[in-house]
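Engineer: Let me give you the structure first, and then I'll get to my questions.
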Amino acid sequence: MDEIHVIGGNCLHGNITVQGSKNTVLPLMAGALLYRGINVLKACPRITDVFYMEEILRALGAETWWEDHDLYLDCTHADGSHVPEIYSGRMRSSIILLGPILARNQQAEIGYPGGCVIGKRPVDLHLYVLRRFGAEIKEEEKKITVSCKKLCGTEIVFSKRSVGATEQAILCATLSKGTTTLRNCAREPEIVWLCRFLNAMGAKIEGAGEDCICIEGTEKLCGTKMQIPADRIVTGTYLCAAAATRGHIVIENAPEGELDTFLQVYRKMGGQYEWKSGKLIANGAGIQFSVPFLETEAYPGFPTDLQSPLLAVLTTVPGISRIRENIFENRFKICSELTKMGAHIEVRGSEVKICGSRLKGCRLRAEELRGGAALVIAALAADGESVIEGVPFIRRGYEDICRDLRYLQAEIYMEDILSV
Ligand code: EPZ
């Protein structure tokens, strides 16, 4: 079992290129099912969640292969309709496969996707979407069975902004009969990239990134190649690592325009940044101001996925900071681990109060993806050595966090304790 070792105290500096976006690739892999041929996703991150989705597509009959970071998906014979619970239970985002499987086979079955450490993760909005397109749904204790002769275009007004449910609706509408109008959609960049990908395959989608998206159902699609954009959350994570150590870094391929709210907070803390010929230059030397209040919101608000990484930075900034988590019910799990390092944190329901202090290295345990990355950030700022367990959680979204941070002069390495 691997552990991450960090010797804290180095001021991060240097240049880095960020991996492709996990939350862009996963819906595009589901979208590839809509075409009985080959699609190519270029510059894909080699992370566990992508390998999980690849395994599911293969189980459905697809052929997949890699050429370096380019992922080839041949869905010619991907006519399976059953996603076993062993798959859906370990990656809940597999729920967005229901729409594409239904569009191909008129029926689909999936093991109930579990909740996870950060929240209950209900799927009611996904089922609402499928019903709106005319699907019959049978919910049993361990599985969901869905059937529909032909998906029909419809009007959907989402009761709340949901990235996955918006993706589900777009994937259902693409090959459905007639027109679909979606209102109160999620506006995340991942929605825009999914629509770009589907339009490149021949879909007719307008309004991606806006409140309202209109889709004209088409009969057939073709294959395409899509360059995956840099991961905005990994970019934000590394900016937090530099901020926690008051470092100065250059991100060669940062996704301009996808991090504006985060960068506003970075500047409020005393950080400086500028965009220069596609690169993001960030100087955290002046970071000294606490954040009196911040809340996570659907895009373009402050992203929930950067809440834990920012929390780790704020434990090192003098003064009182407050964060309210509005998206998930249980995203302060790392506070007990940070407290072990000497952080002064009070959790009150969906809010956390942080009083900046010095941190000292110690043994830490990651229990979920972004919390794990936040523990690495705190360890980089702490005095002395930290050891972080729970590396598989971090590998779900970060291709090689140790390699990346070593490029920025962090003293960090992975140790496989079984081999010791
Ligand atoms: C996506 O999850 C991302 N995952 C998450 O990133 C991200 O945190 C989240 O969007 C919010 O931005 C992927 O893209 C693979 P939602 P998703 O549906 O689609 C509630 C990471 O670390 N809801 O936008 O599952 C839900 O409980 C991950 O990379 C319902 O009530 O999130 C939450 O409160 C973590 N019913 C809110 O909506 C539903 O049917 C937003 O969730 C679906 C969601």
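The values are calculated or read from the model by the stated rules, or taken from the named source; none is laboratory data. In this text the structure is predicted, and so the values were computed from the model without any measurement. No Cβ is skipped: glycine too gets one built from the backbone with ideal geometry, and neighbour counts run over all protein chains shown.
Engineer: How many residues are within 21 Å of Pro229 (Cβ to Cβ), surrounded by fewer than 18 Cβ atoms within 10 Å (Cβ to Cβ) and either basic (Lys, Arg) or within 16 Å of the ligand (Cβ to nearest atom) (or both) if we restrict to region 23-51?
Structural biologist: 3
Engineer: Quick one: which helices (runs of 4 or more DSSP H) sit completely within region 355-420 and have at least 2 residues that are farther than 18 Å from Ile249 by Cβ and modelled with pLDDT under 95?
Structural biologist: none
Engineer: Which one of these does Glu85 not meet: (1) in contact with an Asp or Glu (Cβ under 9 Å, 6 or more places away or on another chain); (2) over 23 Å from Lys149 (Cβ atoms)?
Structural biologist: All conditions pass for Glu85, except number (1).
Engineer: Look at Tyr87 and say whether it is aromatic (Phe, Trp, Tyr) and within 24 Å of Phe133 (Cα to Cα).
Structural biologist: No: the conditions fail for Tyr87.
Engineer: Pull up region 167-180, narrow it to residues that are more than 16 Å from Leu125 (Cα to Cα) and free of Cβ contacts under 8 Å to residues at least 60 places away in the same chain, then point me to the one that is surrounded by the most Cβ atoms within 10 Å (Cβ to Cβ).
Structural biologist: Residue satisfying both the conditions and the ranking: Thr180.
Engineer: Can you name the residue in region 329-354 that is crowded, with 21+ Cβ neighbours inside 10 Å and in a loop (DSSP other than H, G, I, E, B) and, of all such residues, is nearest to the chain's Cα centre (by Cα)?
Structural biologist: Residue satisfying both the conditions and the ranking: Arg331.
Engineer: Within region 311-324, can you find the residues that are within 16 Å of the ligand (Cβ to nearest atom) and either under 15 Å from Leu369 (Cβ atoms) or surrounded by fewer than 21 Cβ atoms within 10 Å (Cβ to Cβ) (or both)?
Structural biologist: Leu311, Ala312, Arg324
Engineer: If you go through region 148-187 one residue at a time, how many are among the acidic types (Asp, Glu) and within 13 Å of the ligand (Cβ to nearest atom)?
Structural biologist: The number of residues fulfilling the criteria is 1.
Engineer: Continuing with this model, one more query. Starting from residues that are free of Cβ contacts under 8 Å to residues at least 12 places away in the same chain and within 18 Å of Ile233 (Cα to Cα), keep the ones in region 362-409 and report whichever is surrounded by the most Cβ atoms within 10 Å (Cβ to Cβ).
Structural biologist: As a first pass, look at region 362-409 and keep what is free of Cβ contacts under 8 Å to residues at least 12 places away in the same chain: 400, 403, 406.
Still in the running and within 18 Å of Ile233 (Cα to Cα): 400, 403.
Values: Asp400: 15, Arg403: 13.
Checked region 362-409; the qualifying residue surrounded by the most Cβ atoms within 10 Å (Cβ to Cβ) is Asp400.
Engineer: Pick out the one residue from Glu295, Glu346, Glu337, Glu274 that is within 14 Å of the ligand (Cβ to nearest atom) and free of Cβ contacts under 8 Å to residues at least 60 places away in the same chain. Steps first, please.
Structural biologist: On the way: Glu346 fails: within 14 Å of the ligand (Cβ to nearest atom); Glu337 fails: within 14 Å of the ligand (Cβ to nearest atom); Glu274 fails: within 14 Å of the ligand (Cβ to nearest atom).
Unique residue meeting the criteria: Glu295.
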